[in-house]
Every structure is written in C-alpha cells, then in structure tokens.
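Asker: To start, I am sharing the structure in question, which I have written as structure tokens.
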Amino acid sequence: MRTAVAAALCVAVLAGLDALLPQLLNPYYLTILTRIGVAVIAAVSLQLVNGFTGQFSIGHAGFMAVGAYVAAALSVYAGAGWLAGLASALPLPLARGLYFPVPLVAGGLAAALAGLVVGIPALRLRGDYLAIATLGFGEIIRIAILNVDAVGGARGFSLASPAHPGLDLRYEGFGISYAVVLVAVAVVARLVYATGGLAFRAVREDETAAESVGVPTTRVKVEAFVVSSFFAGVAGALFAHSEGYVHTNSFSFLRSFEIVVFVVLGGLGSITGAALAAAVLTAAPEVLRGLGEWRMILYSVLLVATMLLRPEGLLGRRELVPVRLGARAGGARAAP
C-alpha cells in the first residue's frame with residue numbers, strides 16, 4: 001500500500017513539474033536537466049556492473065548507442081504513424097505520454113539482448129581482459145552503425161519521419177525522463193540490497209571464494225550485465241528523443257570513459273554517489289561556461305583534486321537514506 005501511494009505521489013509530482021517547468025525555464029535549461037537524467041541512468045546502470053559486481057566494463061556507450069539507434073529507427077519508421085493515430089483521438093500531450101515509453105522500452109530490450117550476446121563469452125574473462133573486450137564491443141557497434149545507411153550512417157540520424165513531416169518526434173518534457181531515473185535507481189537498489197544482491201557483492205569481493213560456496217559467478221555477472229545494458233539502452237533512447245538527432249560521435253570511447261568517471265568519483269558501490277557525480281559533472285561544464293576556455297581546465301583540476309583528497313569517491317560505499325529505505329521495504333537488510 002505504501003509503495004502504491006509513493007508511486008502515485010511521484011507520478012503526480014512529475015506531472016506537475018512537466019507542466020510547470022517549461023513555463024519557468026527556457027529550453028536550454030530543460031535540455032541540461034534532461035542530459036543530467038540521461039547521465040544518471042547511465043551511471044547507475046554501470047554501477048551495478050563496476051561497483052557492485054566488481055567487473056570493469058568500459059564499453060557502456062556501445063549499449064547506449066544500440067538503444068538510441070533502435071529507438072530512433074522505431075520512431076521514424078513506425079512510431080510516427082502510431083503517435084499520429086493517438087494524437088487524432090487524444091490530446092497531443094497525453095498521446096505523447098502514452099507513446100514515448102514504447103521506444104524507450106524497445107531501445108532497452110535491444111541493448112539488453114546485445115548485453116546478453118556480449119556478456120556470455122566476455123564475462124568469463126576478468127580484469128583487464130574484460131575491459132578490452134567491452135571496449136572492443138563498443139567500437140564494433142560504432143563502426144557498424146556508420147555503415148548502415150538506414151540510420152544515416154556517417155551523416156547521423158535525424159528523428160524526422162518522411163511519412164509525417166509535420167510531426168515532432170522529440171520529447172522535451174521532464175516527467176518521463178525523471179520517471180525513468182527513479183525506476184532505474186529503484187530497480188538497481190532492489191537488486192543489490194535485497195537478499196539476492198549478496199551474490200553480486202560476493203563476486204566483487206572474491207570470485208573464487210564465491211564459486212567455492214556455490215555462487216554461479218558467470219550467471220550472476222551476466223545477469224548484472226544484462227540489467228545494466230537494458231538501462232543503458234533506455235538512456236540512449238531517451239537521449240535520442242530529447243536531442244532529436246543522434247550520431248556515433250555521441251557514443252565514442254570518451255563517452256564510455258566519462259560514465260566510468262561518474263561511477264568512480266561517486267564511489268564504487270554507491271548508487272546515490274554515482275547519481276550525484278553524474279549530475280554534478282554533467283552540469284559543471286555548463287555552470288562554468290562563463291569562464292570560456294578556462295572552464296575545462298578548472299573542471300579537470302576539480303576532478304584531480306577530488307580523487308587526491310577523497311580517493312574512495314564522494315560517498316564511498318555509503319548510500320543516502322531513500323535508497324536504503326526502498327531496499328528495506330522489500331524486507332531486505334541494507335549492506336553496511
């Protein structure tokens with residue numbers, strides 16, 4: 001009952017913000033808020049693999065690319081007709097609210113399938129070998145997309161349907177973006193802080209010892225990888241529909257490395273730490289924009305200083321209260 005009430009309250013708050021924020025903020029700030037949401041989803045999903053399961057994946061942007069391009073292609077080639085049909089029977093805001101979860105889920109499922117295909121062979125590797133394998137996957141995806149003309153190839157892919165040229169396929173609202181953020185945080189918290197989440201942390205602490213007591217380490221790692229890939233695909237789909245245009249340059253190795261920085265800076269093993277670091281580091285270049293060319297130097301100095309003064313990350317392995325309460329609601333004890 002309390003969960004249903006909390007969910008209804010969150011929906012009401014997000015719906016209110018979705019209607020109110022466009023009147024208070026210009027589109028530039030709304031875009032930054034959406035990009036922060038995308039970064040938080042990507043960071044929290046990678047935390048499941050790198051922080052809680054103890055693996056080292058640096059190809060997360062590849063799964064974002066899969067989700068972004070699958071969702072964009074679905075909207076351009078089929079979804080525009082569905083949205084136009086809904087808009088003919090319902091008010092356009094309601095039609096958009098009903099339609100946009102479809103490409104997000106489709107992008108997430110496509111990325112999860114890619115995560116399963118890659119994870120089964122790659123997660124038998126450990127350490128540097130796994131990092132190289134995931135990096136290779138990310139580059140394979142990027143190069144493959146560059147050679148697919150149906151999604152724009154090297155030109156990039158615009159979310160404009162030839163069959164419905166007057167229909168805007170972008171999503172510029174606030175509600176769905178942060179509803180997805182809340183779902184991603186809740187799912188990952190439920191996985192790692194429920195009783196079954198001990199398997200993830202056992203693999204992180206000592207994989208050999210975990211195997212000796214019967215933990216199926218390869219299966220656990222694949223499960224973490226698939227869930228992480230799903231939410232990376234959702235983040236990519238959200239990015240595509242908020243920007244209205246996607247290009248492989250947005251999913252290069254540098255993007256994967258940036259997400260790893262979010263996880264490490266927030267604290268390996270802290271969901272809220274990764275979310276906080278993603279929000280701060282995504283907003284920082286824009287906040288410092290007034291400094292001109294010096295802003296990226298100051299941004300880098302802040303990163304170096306943080307890692308020197310607090311090498312365990314902003315929160316270490318600690319969590320903020322709401323995540324632990326969400327885990328305890330399911331009857332599980334939070335990790336110390």
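Asker: Identify which of Ser161, Ser57, Ser88 has the largest mean-square fluctuation in a Gaussian network model of the chain, with springs joining Cα atoms closer than 10 Å.
Answerer: Highest fluctuation among the options: Ser88.
Asker: According to the Kirkwood expression over distinct Cα-Cα pairs, how big is the hydrodynamic radius of the range 213-254, in Å?
Answerer: Mean inverse Cα-Cα distance, inverted, gives 12.4 Å.
Asker: What residue among Ala12, Ala278, Ala210 has the largest mean-square fluctuation in a Gaussian network model of the chain, using Cα springs under 10 Å?
Answerer: Result for the chain, Cα springs under 10 Å: Ala12 fluctuates most.
Asker: Could I have the simple spin-label model distance between Ile140 and Ala154, label points 7 Å from Cα toward Cβ, reported in nm to one decimal?
Answerer: 2.3 nm
Asker: State the label only: which of (1) 1.00; (2) 0.97; (3) 1.03 corresponds to Rg/Rh (Cα atoms, Kirkwood Rh) computed from the shown model?
Answerer: Working out Rg/Rh (Cα atoms, Kirkwood Rh) from the coordinates points to (2).
Asker: Hey, another quick one. Let me have the relative contact order for the chain, percent, based on Cα pairs under 8 Å that are six or more residues apart.
Answerer: This gives 32 percent for the chain.
Asker: About the Cα centre, and with charges only on the beta carbon of Lys, Arg (+1) and Asp, Glu (-1), how big is the dipole of the chain? Nearest 20 debye, please.
Answerer: 580 debye
Asker: Let me ask something else. Please compute the modelled spin-label separation between Glu211 and Arg170, points set 7 Å along Cα→Cβ, answer in nm with one decimal.
Answerer: Placing both labels 7 Å along Cα→Cβ, they lie 5.1 nm apart.
Asker: Pull up all non-local amide H partners of Tyr245: gap of 5 or more, or a different chain, and H-to-H distance under 5 Å with H placed in the peptide plane.
Answerer: When sequence neighbours closer than 5 places are left aside, the close amide H contacts are Leu159.
Asker: Then there's this: Label Leu288 and Thr218 with points 7 Å out from Cα along Cα→Cβ: what is the distance between them in nm?
Answerer: 4.5 nm
Asker: For the chain, set up a GNM with springs between Cα atoms under 10 Å and report which of Leu86, Leu113, Leu24 has the largest fluctuation.
Answerer: Leu24
Asker: Answer with one residue from Gly127, Tyr99, Ala150: the one whose Cα lies farthest towards the positive end of the charge dipole of the chain, charges on Cβ with Lys, Arg +1 and Asp, Glu -1.
Answerer: Gly127
Asker: Could you work out the relative contact order of the range 125-276? I mean the mean sequence separation of Cα pairs under 8 Å and 6+ apart, divided by the number of residues, in percent.
Answerer: Relative contact order here is 29 percent.
Asker: Further, regarding this structure: Taking just the alpha-carbon atoms of the range 85-201, what radius of gyration and Dmax come out, in angstrom?
Answerer: My reading of the Cα-based Rg and Dmax gives 19.0, 54 Å.
Asker: Multiplying the sequence separation of Val11 and Asn249 by 0.36 nm and subtracting their Cα-Cα distance, what value in nm do you get?
Answerer: This chain segment gains 82.3 nm when fully extended.
Asker: Between Leu20 and Asp128, how high is the FRET efficiency from 1/(1 + (r/R0)^6) when r is the Cβ-Cβ distance and R₀ = 56 Å? Nearest 0.05.
Answerer: 0.70
Where a number appears in this text, it was derived from the coordinates with a stated rule and is not lab data. Please read these numbers as outputs of a predicted model, since none were measured by experiment. Note that each Cβ is placed from the backbone with ideal geometry, even for glycine, and that neighbours are counted across all protein chains shown.
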